[in-house]
Amino acid sequence: CTRALDAIKACEAEPEQTDLAAVLLSNRAAARGLADRCMDALSDCERCVELAPTYMRGLKRRADCHAALGVWDKSIEDFQTVVDYCAAPTAAPASTEGTSTAETAAAPAVDEQNAKLLVQAQAGLQSVEKVRNEHKCCLYV
């Protein structure tokens, strides 16, 4: 755990490594969430989203944390942002000229990741909306 913390701090210190720091924070958040340390996981997600606002896996994990903590509106907002981002059509390059083979080969993987996140975020959004609505009904009884 100390090594992970050292790695995150080192990455955060280097501006060109902030994306890596965001991934590390997101991964640590996932581990903390599985260990029922939701507040720690949420803290990691907050920092992750601060460093890389378009890293949708971090935002989806933050939505999961908010849901686990019963913060329905924030969870719904984050899930909806992930859904909107992942459902948006990606701009296809006008030409592949000047694009490396690695970049061209990596493009479908990004779309597959977004498709997977989209399905997960849609399911999370529906689940949280349902629980929130049931919770509101119980408050008025």
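The values are calculated or read from the model by the stated rules, or taken from the named source; none is laboratory data. Everything numeric here is computed off the predicted structure, so don't read it as measured data. FYI the Cβ positions are ideal-geometry reconstructions off the backbone, even for glycines, and counts take in every protein chain you see. Just so you know, the surface numbers come from the protein's heavy atoms only, side chains and all, with ligands and any DNA or RNA stripped out. Shrake-Rupley method; radii C 1.70, N 1.55, O 1.52, S 1.80 Å.
Annotations for the structure displayed:
- Residue count for the stretch 43-82 satisfying the condition of being in contact with a Cys (Cβ under 6 Å, 6 or more places away or on another chain) and open to solvent by 30 Å² or more (accessible area, probe 1.4 Å): 4.
- Single residue of the stretch 83-99 satisfying the filter (open to solvent by 60 Å² or more (accessible area, probe 1.4 Å) and at pLDDT 65 or above) that is farthest from His135 (Cα to Cα): Thr90
- Among (1) open to solvent by less than 60 Å² (accessible area, probe 1.4 Å); (2) farther than 16 Å from Ala123 by Cβ; (3) at pLDDT below 95; (4) not polar (S, T, N, Q), the one test that Leu20 misses: (1)
- Residue satisfying all of: in the stretch 32-69; in a helix (DSSP H, G or I) and among the acidic types (Asp, Glu); nearest to Ser127 (Cα to Cα) among these: Asp64
- Filtered residues of the stretch 33-59 (kept if basic (Lys, Arg) and within 20 Å of Ala10 (Cβ to Cβ)): Arg47
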